[in-house]
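Taking it in order: structure first as structure tokens, then the write-up.
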Amino acid sequence: MDDDRGRSEADYLRRYTSLPVLIDMLAERRLTLVDPGQWSDKNDTAYLAAYKEAKKLKCLVALCFTATSETFHHWNVFSPGPGGVCDVPPPAVPLAMLDLQPLVVPGAEAF
């Protein structure tokens, strides 16, 4: 695409998910946030549980994107099986979608 010239791989956010979730996102024009307590990465769940407790939140949900190139970990954890997909929306679209939602704090986390 002409408007993609000059962009590096890091300019794009990727979301690894399942085909049914991607279809729902496109059809309904919404992002579904999930309970991180159900994630397989126990480091992430422990960190977010501590954050929820420290902030005295009744509910904490999350949605993960990555700005890095694909890895086995991304496919295995976030989109396992034959229905796994990698969504690469145009730059800034995911954050623009989140800005429409109340009580959402978008931001990057360094690991």
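The values are calculated or read from the model by the stated rules, or taken from the named source; none is laboratory data. Because the structure is a prediction, the values reported are computed rather than measured. Cβ coordinates were reconstructed from backbone atoms using ideal geometry, including for glycine residues, and neighbour counts include every protein chain displayed.
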> Of the numbered conditions (1) among the acidic types (Asp, Glu); (2) within 19 Å of Leu13 (Cα to Cα); (3) modelled with pLDDT of 85 or more, Asp99 satisfies every one except a single condition; which is it?
Replying inline: (3)
> How about region 46-64: which of its residues are within 26 Å of Leu13 (Cα to Cα), of a type outside the set (Gly, Ala, Ser) and at pLDDT 85 or above?
Replying inline: Tyr47, Leu48, Tyr51, Lys52, Cys59, Leu60, Val61
>> Looking only at residues that are of a type in the set (Val, Ile, Thr) and either at pLDDT 85 or above or surrounded by fewer than 12 Cβ atoms within 10 Å (Cβ to Cβ) (or both) in region 78-94, which one is nearest to Leu22 (Cα to Cα)?
In response: Val85
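Every residue, every condition in (1) part of a loop (DSSP other than H, G, I, E, B); (2) surrounded by 11 or more Cβ atoms within 10 Å (Cβ to Cβ); (3) at pLDDT below 90, yes or no:
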| residue | (1), (2), (3) |
| --- | --- |
| Arg7 | yes, yes, yes |
| Ala10 | no, no, yes |
| Asp44 | no, yes, yes |
| Asn76 | no, yes, yes |
> Can you tell me how many residues in region 18-36 are in contact with a Leu (Cβ under 8 Å, 6 or more places away or on another chain) and not in a loop (DSSP other than H, G, I, E, B)?
Replying inline: 3
>> Can you confirm whether Thr71 is at pLDDT 85 or above and either surrounded by 14 or more Cβ atoms within 10 Å (Cβ to Cβ) or touching a Cys at 6+ places or on another chain (Cβ under 7 Å) (or both)?
In response: no
> Looking only at residues in region 46-72 that are among the hydrophobic types (A, V, I, L, M, F, W, C) and not in a loop (DSSP other than H, G, I, E, B), which one is nearest to Leu33 (Cα to Cα)?
Replying inline: Ala62
